1. Name the residues in region A:40-88 that are away from chain C (no Cβ under 14 Å) and either among the hydroxyl-bearing types (Ser, Thr, Tyr) or not in a helix (DSSP H, G or I) (or both), would you?
2. From A:Thr159, A:Thr92, which residue is of a type in the set (Ser, Thr, Tyr), at pLDDT 95 or above and touching a helix residue (DSSP H, G or I) at 6+ places or on another chain (Cβ under 9 Å)?
3. How many residues does region B:271-290 contain that are of a type in the set (Phe, Trp, Tyr) and either part of a helix (DSSP H, G or I) or at the interface with another protein chain (Cβ under 7 Å from one of its Cβ atoms) (or both)?
4. Pairs only if they're at least six apart or on different chains, beta carbon under 9 angstrom, first in region A:410-428 and away from chain C (no Cβ under 14 Å), second in a strand (DSSP E or B) and not hydroxyl-bearing (Ser, Thr, Tyr); list them, first residue then second.
5. Any idea how many residues of region A:233-268 are in a loop (DSSP other than H, G, I, E, B) and closer than 30 Å to C:Thr46 by Cα?
6. Could you identify the single residue in B:Leu153, B:Leu145, B:Leu79 that is within 24 Å of B:Ala254 (Cβ to Cβ), within 14 Å of chain A (Cβ to nearest Cβ) and buried (at least 16 other Cβ atoms within 10 Å of the Cβ)?
7. What tally of residues in region A:175-197 results from selecting those that are surrounded by fewer than 24 Cβ atoms within 10 Å (Cβ to Cβ) and part of a helix (DSSP H, G or I)?
8. Among the residues of region C:4-37, what is the count of those that are at positive phi and among the charged types (D, E, K, R)?
Amino acid sequence: MGTEPVGPRGGPSPRLAIVGAGPAGLAAALAAAGRGVHVTVIDSAEAPGGQFYRQPAAALGARRPQALHHQWRTWRRLRDGLERHIAAGNITHLPEHHVWCVERRSDGTPGQRPSAATDRFTVHALLGPGQEEPVEVRADAVVLATGGYEKVLPFPGWTLPGVVTAGGAQAMLKGGLVVSGRTAVVAGTGPLLLPVATGLAAAGVRVAALVESADPKALVRRAGTLAGRVDKLAEGAGYAVELLRRRVRTLVRHTVVEAHGTDRLEAVTVAALDAEGRVRPGSERRIPCDTLAVGHGMVPHTDLAESLGCRVDADGMSVAVDDEQRTDVPGVWAAGEATGIGGAALSLAEGHVAGRSAAARLRGREPDPREWAAAAASRTRLREFFAALDTVYVPPAHWAEQVTDDTVVCRCEEVTAGAVREAVGVLGAGDIRTVKLLTRAGMGWCQGRMCGPAVAGLAGCAEAVTRRPFARPVPLGVLARAGETGEPGRAPVESGEPGGLPVETEGRGGPAVK
Amino acid sequence: MVGAACALYAARAGLDVTVVDRGPVAGGTTGAGEGNLLVSDKEPGPELELALLSNRLWTELASEPGLGTAFEYDPKGGLVVASTPEGLAALETFAAGQRTAGVAAETVTAGQLQELEPELAPGLVGGVYYPQDAQVMPTLAAAHLVRASGARLLTGRTVTGVLRSPDGAVRGVRTDRGEIHAPAVVNAAGTWGGEVAALAGVHLPVLPRRGFVLVTEPLPPLVRHKVYAADYVADVASDSAALQTSPVVEGTAAGPVLIGASRERVGFDRSFSLPVVRALAAGATRLFPFLERVRAMRTYVGFRPYMPDHLPAIGPDPRVPGLFHACGHEGAGIGLATGTGQLIAQVLGGRAPDLDLTPFRPDRFAVHEEAAG
Amino acid sequence: MNPLELADAEPGPAFGVTLDGRELKALPGQTVAAVLWTAGVTSWRTTRGEGRPRGVFCGIGVCFDCLVTVNDRPNQRACLVPVRPGDVIRTQEGTGHGH
């Protein structure tokens, strides 16, 4: 980090910080790097890739990591581009940096209204894995590519050890090359369940059932939209063949109604759903298993954007962006799952647009959207495709009926469904904030990330955008000194001297989309 | 909270009560508060008298079956600490005045500080212990007081007008979903009390004074009392619009430690301010060094209803017959709610109030004073 | 087939860590959670309210269910923290802060 890339007229290059090294963040980095801006990619993981391209830890010496992945060629292109740009000094990659806040600083005189010209950003991170040591990265603009996490709706027994999120089972498999048992049920709804089931099966786990609550007939009804994505349908068909080959029983329009066990999972009860999404009485059956991988879709990580003041749409809980992936806060772009769940390919397209736009604007140039026409077209198609999927992969309409009063809903604070119902029915809570204040649901370690959708559903009130000024817990000692830490090896921008690196390099990361 | 307490005492006085709120229960400043029931931070005068009355009433409510545990009443006591001999001397003088007004205040030596709060930073010269200080969980308190009152609760309804009869007397309120008729209307709209007063055509200068609270990870009971530095009292009484922070640290029944208190007059700006919470963290870790490695999980913001002379408006508004005010309690609304509710119930019922309401007169602000405030 | 075989992994030499004093074998690059899963352990803390067992849930550091004490530091997320030779891993109760 010692050398400062030079900008257009010999001054220091503008600095772009990208939070997240998943598909969106990497695409943004490759699109911006080599275009006269210095890019710093800040990511919590040990290695780039995000959740989708999560790699086994290097020390595990995996010689065939692609066995756990799809779209391996795309990943290689991203990885190689990143390495080239790092070598050329265009990109700094900061792994194991857990960002807890992005601060917008006004360098103007106190009291003066912030303007685009004076605003600068400080990305506050904690160094992993201990997350006790602070690091601060200053930048002129920020791309938030913070990804998403899984939504899981509760059911009796879902807190038993052995019940994991579908994405969690996959992350442990991809990153740690481990599984939690010998016999698994994969359940819930959504396109993630297929690769999780096939991945576990390939890794030697007996997958006793794949339980999908959605109706595949609905997919056929949406054929018009889906037909435009032959590759996606082929991907789905590929999983189906894989499931057949591995003799995985697939139960559609079924749901898990209960997980059984005392101190760990021993079995699940699954049941068929009727046309209204209610459990069909008498259809229950018990499946012994030691692992249940369950998920009901994804939720965007919007905390950093929300604290910066960016508009977050309550519908979908996603960061609002324009055609250039700009948020409504000057200098802040967002891309990938943070702007709405849509998978890796959409994230790549959005990241590319964000990176190109940010690079142009940081150099004072009005970008020409024709520069990213291919990515924009891909973005349009993929958003339509995922909007269609969203209408199909929805949790059973009456899932809350299966949640008994004694079922813990908020895992951290052990708040039961009964307590949530009492807050609404007896104490007059009509919104999720009041339910939280009255019950402590969502006040624990995870800050409601796990229980938010469930509490809203049980309370019968709309989900609200949760404010989490700290995107992760931060030691008070670090908080007390926030802003004092200099960025190692980087001179303040005002005193930047002409460095020795060329502005444009040969390395062209290129759009990672067709 | 104040509205809930008014509802409770009015209902117990035999009145038929309807509670209207544009949000949910405790949706305003109550839900963003720490739930302090304090006498320690008040100098002798009308506010302290109200605090002592309220304190007694809180204790009574807490002893009613089920109620005290329902709102996590904790008579934990307050501990004010001083870091310099001069600070301690000033604190002692302050406490001496409070004692004459009926406050229990015990001088604590440096050695005794460590007994009361083993995790306190070394080097503090002493302090004063206030056994009457207590805490409730404010949202639960508001919800349970409304429930105990038996009043009709209409949430999500915005009052859009005050209905007046031809002779000028109040005859109810207009809401976005119909009219509610009543011969008396109590304005317990907290920080938004000025807006409700304006609907009745009167001026009430309630201003927002922003505060952040930091919340830590759940901990075992390591902070036993409400602990704050002596300069907090000066901040509470200050008129400055600029940011002030003085550390206020306390544990909760649920485990997390709460850290306050910041004061700024910045309007209703809800945006997160890292410099403010950073100052809170710095103050708290100075008082309790073990907090250095404890994690802050979240922070929330609230707006204290601030009035130019730091006293609430309580009682009938002579300008509008039938209109009563119970707002403007600044950062003490939870603590002062019970006394306020009792006083309002007494004047609503035509009885003599327990305290002289003159200092709390809603019409005490002349326009020129507001401009100066 | 197991996951290591699937990915054709050739990790460095295994080393020892302890869980509540019990010796466990760990591979370089594994997280604490991975080591525990490999040893057949699926829960390593109890909740502060009901004392119920918990282990990995989200697997990506979001849910904080897998909290564990590593080398006397409580409330570490087992799914994030890599093991190092000689790590002293302890199951934790309640807040993780003793008492």
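The values are calculated or read from the model by the stated rules, or taken from the named source; none is laboratory data. For clarity, every value in this text was computed on a predicted model and none was experimentally measured. Cβ sites come from the backbone with ideal geometry, for glycine too, and all protein chains shown count toward neighbours.
1. Passing the criteria: A:Thr40, A:Val41, A:Ile42, A:Pro48, A:His70, A:Gln71, A:Thr74.
2. The conditions single out A:Thr92.
3. The qualifying residues number 2.
4. Hits for this filter: A:Ala417/A:Val408; A:Ala417/A:Val409; A:Val420/A:Val409; A:Val420/A:Cys410; A:Gly428/B:Leu153.
5. Residues meeting the conditions: 6.
6. B:Leu145
7. The number of residues fulfilling the criteria is 2.
8. Of the residues in region C:4-37, 2 are at positive phi and among the charged types (D, E, K, R).
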